[in-house]
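S.K.: Sharing a structure below in structure tokens format, with a few things to ask.
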Amino acid sequence: MKLTPLIVAMLAGASWGVSAQAADPLSAWQDTAPKQAIEAWVAGATQAGSTTFIPVNKRNVVFDNDGTLWGEAPLTFQLQFAVDEIKRLAPEHPEWKQDPIVKLVLANDLAGLAKAGKEGLVKLMTLTHSGMSADEYAKRVRTWLDTSKHPRFGCHYDQLGYQPMVQLLAYLRANGFKTWIVSGGGIDFMRVFAEQMYGIPPEQVVGSFALGEFSFSKDGASIMKTMKGAYLDDGAAKPAAIHLFMGQRPVGAFGNSDGDVPMLQYTSTNPEFKTFGLLVHHTDEKREYAYDSHPPSSGTLVKGLTEAPKYGWTLVDMKRDWKTVFDPALCPAK
């Protein structure tokens, strides 16, 4: 049985004695300014009668996924899935051999793939994320997660959640907050693992999507995946998606890149409550990666660094502010 953050937490809770995790729900965080800011905001939001109190039904908080809850290098994990799927399926599709994007994938030309830009990405998504039922797609993602490992860390991709952030999700829920994912990753892709990894149910996962088509036959009913009406949930599209799926403005927003800035701005200008914004800055080249203006594949953080002081967002220095990056029970450091 593959260990997950939730299983690890249950095993820890079942052990005798008081563990560090039980004593400190944010035990993977250093006792520095970001942790203190989180605890202070939560204390104020949950203190009945205080001027900063937030009613439970308004305690919605949104998290980006790639680079915020799990890694995004050297490729975003969903892009790595698409690349691996092309390689797996290519022998069954000889007609793909002349496609320039497929040629780049089969040649492991990641630089060329990056230069292909949005057009290349759409082609990859069309070949690997449409033309099948949603159930079949979910099975493919689950199989990939169970069999594929990160080239540097040697662990399954769903073992690479950031332990401090997984703890933060649990801490917020323990204090009456409703946690959402709002990410550029595919909504159907993330729904395969979000509950297992983060404790976030499918209905609280918002991501890039395309319109499915209902199909009914003697074999039953299904939703077929297409690329119709494709919606990329990034940048200014994130607040619009929050409005569409949540119907109210969040009180907390957590991200790591300039693509998350509009989501944080939308949250920080909530006129009703004292809000909280946080950006994860990738500064740890030894335990993970260090980047801002030149990320390996995505996650540029330039505007966010200049906007953070203006809005009072908390900036997390991964190297300084996290005791651990990955849960050692899931992915031991090499």
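The values are calculated or read from the model by the stated rules, or taken from the named source; none is laboratory data. Bear in mind the structure is a predicted one, so any value in this text is a computation, not a measurement. Here the Cβ is made from the backbone with ideal geometry for all residues, glycine too, and neighbour counts use every protein chain on show. Ligands, DNA and RNA are excluded from the accessible area calculation, which covers all protein heavy atoms including side chains. Shrake-Rupley method; radii C 1.70, N 1.55, O 1.52, S 1.80 Å.
S.K.: To the nearest 10 square angstrom, what accessible area does LYS310 show with a 1.4 Å probe?
M.R.: 140 Å²
S.K.: I've got another one for you. Could you name the lysines whose alpha carbon sits less than 24 Å from that of LYS228, not counting residues in the same chain fewer than 8 places away?
M.R.: Within reach: LYS118, LYS123, LYS139, LYS238.
S.K.: Using modelled amide H (1.01 Å from N, peptide plane; none on Pro or chain starts), what sits under 5 Å from the amide H of CYS155, excluding residues fewer than 5 places away?
M.R.: Correct list: HIS150.
S.K.: Sort region 213-291 into rounded, prolate or oblate with this rule: let a ≥ b ≥ c be the square roots of the eigenvalues of the Cα gyration tensor; rounded if a/c is under 1.5, and if a/c is not under 1.5, prolate when a/b is larger than b/c, oblate otherwise.
M.R.: Working: a/c = 3.02, a/b = 1.57, b/c = 1.92.
Taking the square roots of the gyration eigenvalues as a ≥ b ≥ c, region 213-291 is oblate.
S.K.: What net charge is computed for the residues neighbouring LYS115, neighbours being all others with C-beta under 14 Å from the C-beta of LYS115, Lys and Arg scored +1, Asp and Glu -1? Could you put the intermediate results ahead of the total?
M.R.: Details: positive: LYS103, LYS118, LYS123; negative: ASP109, GLU119.
Around LYS115, the surrounding residues sum to +1.
S.K.: Take the solvent-accessible surface of the protein heavy atoms, probe 1.4 Å, and return the percent of it on the chain that carbon and sulfur atoms account for. Write out the running numbers ahead of the final one.
M.R.: Values: 8890 of 15400 Å².
Carbon and sulfur together cover 58 percent of it.
S.K.: If we count every other residue with Cβ under 11 angstrom of LYS103's Cβ, Lys/Arg +1 and Asp/Glu -1, where does the sum land?
M.R.: Values: positive: LYS97; negative: ASP99, ASP109.
Surrounding charge for LYS103 is -1.
S.K.: Can you give the helix-only mean residue ellipticity at 222 nm for the chain, where every DSSP H stretch with n ≥ 4 adds -39500 (n - 2.57) and the sum goes over all residues, rounded to the nearest 500 deg cm²/dmol?
M.R.: On the way: 15 runs with 132 residues, N = 334.
Here the helix-only value at 222 nm equals -11000 deg cm²/dmol.
S.K.: Using a basic spin-label model with each label point 7 Å from the Cα along Cα→Cβ, how many nm lie between THR32 and LYS274?
M.R.: With each label placed 7 Å out from Cα toward Cβ, I get 2.4 nm.
S.K.: Something else: Using a Förster distance of 25 angstrom, determine the FRET efficiency expected from the C-beta separation of LYS87 and LYS303, and round it to 0.05. Write out the running numbers ahead of the final one.
M.R.: Numbers: r = 36 Å, r/R0 = 1.42.
Calculated value: 0.10.
S.K.: Counting Lys and Arg as +1 and Asp and Glu as -1, what is the net charge of the other residues whose Cβ lies under 9 Å from the Cβ of PHE193? Don't jump to the answer; show the numbers that get you there.
M.R.: Numbers: positive: ARG142, ARG191; negative: ASP158, GLU195.
So the environment of PHE193 carries a net charge of 0.
S.K.: Now, a different point. Express as a percent, rounded to the nearest 5, the fraction of DSSP beta bridges in the chain (both residues included) that run antiparallel. The partial results should precede the final answer.
M.R.: Details: 12 of 31 bridges.
Counting DSSP beta bridges with both partners in the chain, the antiparallel share is about 40 percent.
S.K.: Let me ask something additional. Quote the Stokes-Einstein diffusion coefficient, in whole µm² s⁻¹, for region 162-272, based on the Kirkwood radius over alpha carbon pairs, a temperature of 4 °C and a viscosity of 1.567 mPa s. Please report the intermediate quantities before stating the final value.
M.R.: Working: Rh = 15.3 Å.
The estimated diffusion coefficient comes to 85 µm²/s.
S.K.: Sticking with this structure for a sec: For the pair ALA48 and ALA134, how long in nm is the line joining their label points, each one 7 Å along Cα→Cβ?
M.R.: Between ALA48 and ALA134, the simple spin-label model gives 3.9 nm.
S.K.: Please give the length that would be gained between HIS294 and LYS218 if that part of the chain were fully extended, namely 0.36 nm times their separation in residues minus their C-alpha to C-alpha distance (nm, one decimal). Let's see the in-between values first.
M.R.: Numbers: separation 76, 0.36 × 76 = 27.36 nm, distance 5.19 nm.
Between HIS294 and LYS218, full extension yields 22.2 nm more.
S.K.: Under a 5 Å amide H to amide H cut-off, with H placed in plane at 1.01 Å, what residues pair with MET132 once short-range neighbours are removed?
M.R.: LYS225
S.K.: At a Förster distance of 45 Å, what's the computed FRET efficiency of LYS286 paired with GLN98, Cβ-Cβ distance as r, to 0.05?
M.R.: Working: r = 43 Å, r/R0 = 0.96.
Working from the Cβ atoms, E equals 0.55.
S.K.: When the Karplus curve 6.51 cos²θ - 1.76 cosθ + 1.60 is applied with θ = phi - 60°, which whole-Hz ³J(HN,Hα) does each residue of region 155-163 get, with x for Gly and Pro?
M.R.: Coupling constants for region 155-163: 10, 4, 4, 7, 9, 10, x, 6, 4 Hz.
S.K.: Further question on the same structure: Taking only Cα atoms of region 240-334, what ratio of Rg to Rh do you get with Rh as the Kirkwood inverse-distance radius? Intermediate values should be presented prior to the final figure.
M.R.: On the way: Rg = 15.0 Å, Rh = 14.6 Å.
With Rg and the Kirkwood Rh in hand, the quotient comes to 1.03.
S.K.: Follow-up. Keeping all protein chains in place, calculate the accessible area per residue for region 168-301 (probe 1.4 angstrom), answer in Å². Walk me through the numbers before you get to the answer.
M.R.: On the way: 5560 Å² over 134 residues.
Value returned for region 168-301: 42 Å² of accessible area per residue.
S.K.: Semi-axes of the chain's equivalent ellipsoid from the Cα gyration tensor, sqrt of 5 times each eigenvalue, largest first, rounded to whole Å? Write out the running numbers ahead of the final one.
M.R.: Values: eigenvalues 221, 99, 87 Å².
In descending order the semi-axes read 33, 22, 21 Å.
S.K.: Using the Karplus equation 6.51 cos²θ - 1.76 cosθ + 1.60 (θ = phi - 60°), what ³J(HN,Hα) coupling, rounded to whole Hz, does each residue of region 284-296 give in order, writing x for Gly and Pro?
M.R.: For region 284-296, the Karplus-derived couplings read 10, 6, 7, 8, 8, 9, 10, 6, 8, 7, 10, x, x Hz, x marking Gly and Pro.
S.K.: Something else now. Please list ILE200, ILE223 in order of solvent-accessible area, largest first, computed with a 1.4 Å probe with all protein chains present. Please list the in-between numbers first.
M.R.: Values: ILE200 0, ILE223 85 Å².
So, going from the largest accessible area down, we get ILE223, ILE200.
S.K.: If you don't mind, another one. Provide the per-residue ³J(HN,Hα) series for region 202-217, in order, calculated from phi with Karplus coefficients 6.51, -1.76, 1.60 and θ = phi - 60°, each as a whole number of Hz, with x at glycine and proline positions.
M.R.: The phi angles translate into x, 6, 10, 10, 10, x, 5, 8, 10, 6, x, 10, 6, 10, 9, 8 Hz.
S.K.: Follow-up question, since we're still on this one. If R₀ is 41 angstrom, what is the calculated FRET efficiency for the pair SER148 and ASN57, using the beta carbon separation as r and rounding to 0.05? Working shown, then result.
M.R.: Values: r = 40 Å, r/R0 = 0.97.
Efficiency computed from Cβ-Cβ geometry: 0.55.
S.K.: Please tell me the relative contact order of region 214-334 in percent, rounded to the nearest whole number, where contacts are Cα pairs under 8 Å and at least six residues apart.
M.R.: Values: 154 pairs, mean separation 23.3, N = 121.
About 19 percent, as a whole number.
S.K.: Starting from the Cα-Cα distance between LEU244 and LEU121, subtract it from 0.36 nm times their residue separation and give me the gain in nm to one decimal.
M.R.: Stretched out fully, the LEU244 to LEU121 stretch lengthens by 41.8 nm.
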